[in-house]
Amino acid sequence: MSKPSTGRFYISRRIIVGEWIWANLKCIVCNLEIKDYEKKIYCPYCGSPSHRDHILEWVKIKSFCPYCNHKLSVKDLSSGG
Ligand SMILES: [Zn+2]
Ligand SMILES: [Zn+2]
């Protein structure tokens, strides 16, 4: 048995899902869209995306994630690569 009130929940959920699907990735350093062909790195702590070159430059100078402020090193970001 479905209640009509659950419809509201579904709508808001769809919007959230839609954002995840449709919103382009935005670099947390320069706040510009990250194109498919551009190299990106995700913060290992908050999962925020950024241009590879931008976050590496940022971390070299600041040593923390611009989004979650977690301590970061270049090694954290380039491990495995
Ligand atoms: Zn960027
Ligand atoms: Zn972060």
| Matching residues, region 6-35, being in a loop (DSSP other than H, G, I, E, B), touching a strand residue (DSSP E or B) at 6+ places or on another chain (Cβ under 8 Å) and at pLDDT 90 or above | CYS27, ILE28, VAL29, CYS30, LEU32, ILE34
| All positions within region 36-67 that are assigned to a helix (DSSP H, G or I), charged (D, E, K, R) and out of contact with any strand residue (DSSP E or B) (no Cβ under 6 Å at 6 or more places or on another chain) | ASP53, GLU57, LYS60, LYS62
| remark: Taking region 49-81 and keeping residues charged (D, E, K, R) and under 17 Å from GLU33 (Cβ atoms) leaves ARG52, ASP53
| request: Go through (1) modelled with pLDDT under 95; (2) touching a Phe, Trp or Tyr at 6+ places or on another chain (Cβ under 9 Å) and name the single condition LYS75 misses. | output: (2)
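The values are calculated or read from the model by the stated rules, or taken from the named source; none is laboratory data. The shown structure was predicted, so the numbers you read here are calculated from the model rather than taken from an experiment. Every residue, glycine among them, receives a Cβ derived from its backbone with ideal geometry; neighbour counts consider all protein chains shown.
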